[in-house]
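*Asks:* Below is a structure I'd like to ask you about.
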Amino acid sequence: MLFNSLSFVVFLIIVLALYYSKIFNWNGKKRMLLFASYVFYGLWNPPLVILLWISTAVDWVTGKKLAVEEDKRKRLYWLLLSMFVNLGFLTFFKYRDFLLDNFTAVVNTYGYGYKTKPMDIILPMGISFYTFQTMSYTIDMYLKRTERAKTFLDFALYVTFFPQLVAGPIVRAQDLISQFYEEKRATVNQFLWGLFLLTLGLFQKVVMADTLLSDTVDTVYGSDKILNFWDAWMGTLAFSGQIFFDFAGYSTCAIGIALLLGIVLPDNFKYPYASLGFSDLWKRWHITLSSWLRDYLYIPLGGNRHGVVRMYSALMITMLLGGLWHGAAWTFIVWGGLHGTYLILERLQRQYIPFKITAWNGMFLAFTTFTCVNITWVFFRARKFDTAWNMIKSMFYMQADGEKILDTFTIIKVSIVIGLLFLCHWFMRNTSLKEVSLKKSPWALGIIWAIMFFLIVIAQGSGEQFIYFQF
Amino acid sequence: MQLKQSLIIALTIFVVAISSWEFYWRSQGLCPTLDDNEALWAVQRGRVEKATNNDILLMGSSRVLFDMQLNEWEAETGIRPIQLASVGSSPLPIFHDVVNNTSFNGTIVVGVTPGLFFSTTSPEAQPWQWPQSKVDYYKKRTYAQIANHYLSLPLQKNFVFLSDDQGIDGIKLKELVGKINVGNRVVDPMPPFHEFGEIELDRNLKMKPITVTDTAYANSIIKVWQFFMKGAASGPPPDKAGTMAFFLKDLEIFKARGGHVILVRCPSSGGLRQGENMGLPRAEFWDDLVKQAQVKSYHFEDYDQFKDLYCPEWSHLSSKDAQYFTTELVKIMKADGALTNLKTN
């Protein structure tokens, strides 16, 4: 079910009515939320709810055992069982064809003429998100960093909680399960702020991403022509806006919906396009994934505790796997590799050419970071290396007489939208939406709210899927 | 933060704004219409699963949608056909789907618009891609999408601002923004295209009266056909061998399980008819198809009843003429024994 759909509006109204009615006690409400979460997921593809059940059951049992088991070897076996199941699902459903294709390509370079038939398996929506979430619980249990969930119901709801089930934020057990232990009711202000965030998230998705930017991206990246400099840049800039509005929009909706229930989810984006460098970027973009990768991959790989070479290797491996998390294709791995390279270069710069960041060079640095990020988006968006390479060549004037495919207004539109996006991130980078809203008069906030709602309604189409659902 | 106050202000402004928006578009002459989208098509495709050998399916391009009126067909036969035709489409992907993915063994009326029927079997080409996307949607639609469709119907029927029309008639934000034109960096060669049909819940479609009464409106659509004819003349030639082989293979399977197929060539007029005669001559395309298919077939030029019919925009019949065409065509089919198991009499 998509947040930007009529069925979700009806679903949410029913859930809220039941949640705030006096029919259920707190346990009953949690059961209702769990059932609603399965309905939310099952309305997309009912049989795949079974995967959620298996993942939930395995990690619940593992957590239970890890809570009492002291034998190190047995603890490790339990951890490996959980990893095997979760990563096994992920590998089978998401990476099977990719691995098989590469295996075939390698084998065939030795002249074996091996042929495989793709299984065309459906990718369970949000599998990368909920497997990472359940794995974080088990790893934390193994490392004794978190308490065991008190009841199976609390744990199952943690794995399945519908606002963040299919595209995050990826929440740690200690941040969410503990919220289920005592009855939660949103205060009036929390509820209304949740509604505001839901409106803002839908505005980002429906108006900014789908209405103003998506067509430009599809036109540019769907073209098989060698493009003009401006067209290539506009398509890429439009994608940088589209993916931000799409994904940040989803996270904002998720946070807003959870708040309607009195549940607080962590921020996932903090104005990332005004980042001062790439370490800063990953503290602001998809925060819950980057902190997951830091805690469960980068640090276990050695982090910065074992010298420079080990640190850079850990950094690169983390980013390459981070790229692979996004999709089973070499283009995503290159995307991750570029980010890894940026992070390494940034650390080298800090070591050998340090400089103080001021207001003036800060903006230049933010703009440089944003430009470099755009180059990585080319590999993220292009389905093939040929397309990506053609785009890069066009963007750097390596294509003479590239084709013009965007009209003047589209170029103006994308420039204005992305320009405003960048400036908005720059001016908001050290504050928060809530802080700014507190300073606004009720009238100003009301008018902004009305404009967003009105534009959502007159823009709403057939309900485009969120980009991150495919990851 | 006084959010309660903000919410009241927001709701008040929103209600005033959206009401004004709705009234504005109604004042411009627009009426609420259903969107002929994949979800609406999928509902009809779903009916095929339970269809019996008494049922009739209509397939083809927009000519079948405009020219074959379900009320008249039902009045003549007692059976309301299932309308599966799709605009700008070859009937082959949908015929292939029904033949290979259902056990339906009733009657299928296949509309033959030569420029589309004989165009291509390439999955990337529009005449194939459009109907195939409908078939794929039907196969993959989720329960959430089904629910969205049924929830959207009462809204579509009552609010103009939800119109999903595209291009020059579009009033969604994306369409309105898309109409802004600055400079001439890239010129879209296609003339503006009007949505000149109104569809009902079971996909019975009628031509908008303005197409008949306003010559300028009809001419704007004719310009689009001329644009496509020009494109076809300079584009790849029709793939007669490929399309015929594809169709005849499915036809054999369908016939073998007791199904009946009727081929129909709906009227076209003016320059479009001339273009069809030049590019896809009847003897070479239609007659050869009929000969090889060995099924009942009806070409509008073969019947006196249809000789005076004129398509206002060269390609489709007005609502009134479509009613007449359907009634007379069914009578001819009945007299010819093409339609069996009728529920009348």
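Residue-wise test of (1) among the aromatic types (Phe, Trp, Tyr); (2) under 30 Å from B:PHE104 (Cα atoms); (3) in the same structural domain as B:TRP41 (by TED's automatic domain parsing); (4) at pLDDT below 95.
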site: B:TRP225; (1), (2), (3), (4): yes, no, yes, yes
site: B:PRO236; (1), (2), (3), (4): no, no, yes, yes
site: B:LYS249; (1), (2), (3), (4): no, yes, yes, no
site: B:ILE262; (1), (2), (3), (4): no, yes, yes, no
site: B:CYS266; (1), (2), (3), (4): no, yes, yes, no
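Every residue, every condition in (1) aromatic (Phe, Trp, Tyr); (2) in a helix (DSSP H, G or I); (3) buried (at least 19 other Cβ atoms within 10 Å of the Cβ); (4) within 14 Å of chain B (Cβ to nearest Cβ), yes or no:
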| residue | (1), (2), (3), (4) |
| --- | --- |
| A:ALA17 | no, yes, no, no |
| A:LYS29 | no, yes, yes, no |
| A:LEU48 | no, yes, no, yes |
| A:ASP59 | no, yes, yes, no |
| A:ARG73 | no, yes, no, no |
| A:LEU76 | no, yes, no, no |
| A:ASN86 | no, yes, yes, no |
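*Asks:* Out of the residues in the stretch B:162-201 that are in a loop (DSSP other than H, G, I, E, B) and among the basic types (Lys, Arg), which is farthest from the other protein chains (Cβ to nearest Cβ)?
*Replies:* Within the stretch B:162-201, the first condition is being in a loop (DSSP other than H, G, I, E, B), and the residues that meet it are B:163-166, B:170-172, B:179-196, B:200-201.
Next, only the ones that are among the basic types (Lys, Arg) stay: B:172, B:179, B:185.
Values: B:LYS172: 6, B:LYS179: 9, B:ARG185: 4 Å.
The residue in question is B:LYS179.
The rows are residues; the columns are (1) within 22 Å of A:ASP246 (Cβ to Cβ); (2) surrounded by fewer than 16 Cβ atoms within 10 Å (Cβ to Cβ).
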site	(1), (2)
A:ASN430	no, yes
A:LEU438	no, yes
A:TRP443	no, yes
A:ALA450	no, no
A:ALA459	yes, no
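*Asks:* Just checking, does the stretch B:1-13 include any residue being assigned to a helix (DSSP H, G or I), away from chain A (no Cβ under 14 Å), out of contact with any Asp or Glu (no Cβ under 7 Å at 6 or more places or on another chain) and at negative phi? First the steps, then the outcome.
*Replies:* To start, the set of residues in the stretch B:1-13 that are assigned to a helix (DSSP H, G or I) comprises B:3-13.
Imposing the further condition that a residue be away from chain A (no Cβ under 14 Å) reduces the set to none.
For the stretch B:1-13, residues assigned to a helix (DSSP H, G or I), away from chain A (no Cβ under 14 Å), out of contact with any Asp or Glu (no Cβ under 7 Å at 6 or more places or on another chain) and at negative phi: absent.
*Asks:* Let me ask something additional. Look at B:SER19 and say whether it is away from every other protein chain (no Cβ under 14 Å), hydroxyl-bearing (Ser, Thr, Tyr) and more than 26 Å from the chain's Cα centre (by Cα). Lay out the reasoning, then the answer.
*Replies:* Working: away from every other protein chain (no Cβ under 14 Å): no; hydroxyl-bearing (Ser, Thr, Tyr): yes; more than 26 Å from the chain's Cα centre (by Cα): yes.
The answer is no for B:SER19.
*Asks:* Can you tell me which residues in the stretch A:403-457 are under 27 Å from the mean Cα position of the chain (by Cα), facing another protein chain (nearest Cβ under 7 Å) and modelled with pLDDT under 95?
*Replies:* Listed by number, the residues that qualify are A:SER437, A:VAL457.
*Asks:* Anything in the stretch B:176-234 that is touching a strand residue (DSSP E or B) at 6+ places or on another chain (Cβ under 7 Å) and either loosely packed, with under 12 Cβ neighbours inside 10 Å or small (Gly, Ala, Ser) (or both)? List them, or say none.
*Replies:* At the first step, the residues of the stretch B:176-234 found to be touching a strand residue (DSSP E or B) at 6+ places or on another chain (Cβ under 7 Å) are B:196-199, B:202-208.
The answer is B:GLY197, and nothing else.
*Asks:* Separate question: Of all residues in the stretch A:171-218, which are away from chain B (no Cβ under 11 Å), over 21 Å from the mean Cα position of the chain (by Cα), not in a helix (DSSP H, G or I) and not hydrophobic (A, V, I, L, M, F, W, C)?
*Replies:* Selection gives A:TYR181, A:GLU182, A:GLU183, A:LYS184, A:ARG185.
*Asks:* Restricted to the stretch B:110-135, and to residues that are among the β-branched types (Val, Ile, Thr) and in a loop (DSSP other than H, G, I, E, B), which residue is farthest from B:PRO281 (Cα to Cα)?
*Replies:* Of everything passing the filter in the stretch B:110-135, B:THR121 is farthest from B:PRO281 (Cα to Cα).
*Asks:* Can I ask one more? Please return the ranges of helices (runs of 4 or more DSSP H) entirely within the stretch A:219-331 where 1 or more residues are over 28 Å from A:LYS356 (Cα atoms) and not assigned by TED's automatic domain parsing to the domain that holds A:PHE385.
*Replies:* On the way: elements: A:229-260, A:278-282, A:287-293, A:308-326.
The qualifying helices (runs of 4 or more DSSP H) are A:229-260, A:287-293, A:308-326.
*Asks:* Does the stretch A:137-149 contain at least one residue that is in a helix (DSSP H, G or I) and within 27 Å of A:PHE244 (Cα to Cα)? Working first, answer last.
*Replies:* Start the filter on the stretch A:137-149 by keeping residues that are in a helix (DSSP H, G or I), which leaves A:137-142.
Now narrow it down to the ones that are within 27 Å of A:PHE244 (Cα to Cα): none.
For the stretch A:137-149, residues in a helix (DSSP H, G or I) and within 27 Å of A:PHE244 (Cα to Cα): absent.
The values are calculated or read from the model by the stated rules, or taken from the named source; none is laboratory data. Owing to the predicted nature of the structure, the values given are computational and were not obtained by experimental measurement. Methodologically, a virtual Cβ is constructed for each residue, glycine included, from the backbone with ideal geometry; neighbour enumeration extends over all protein chains shown.
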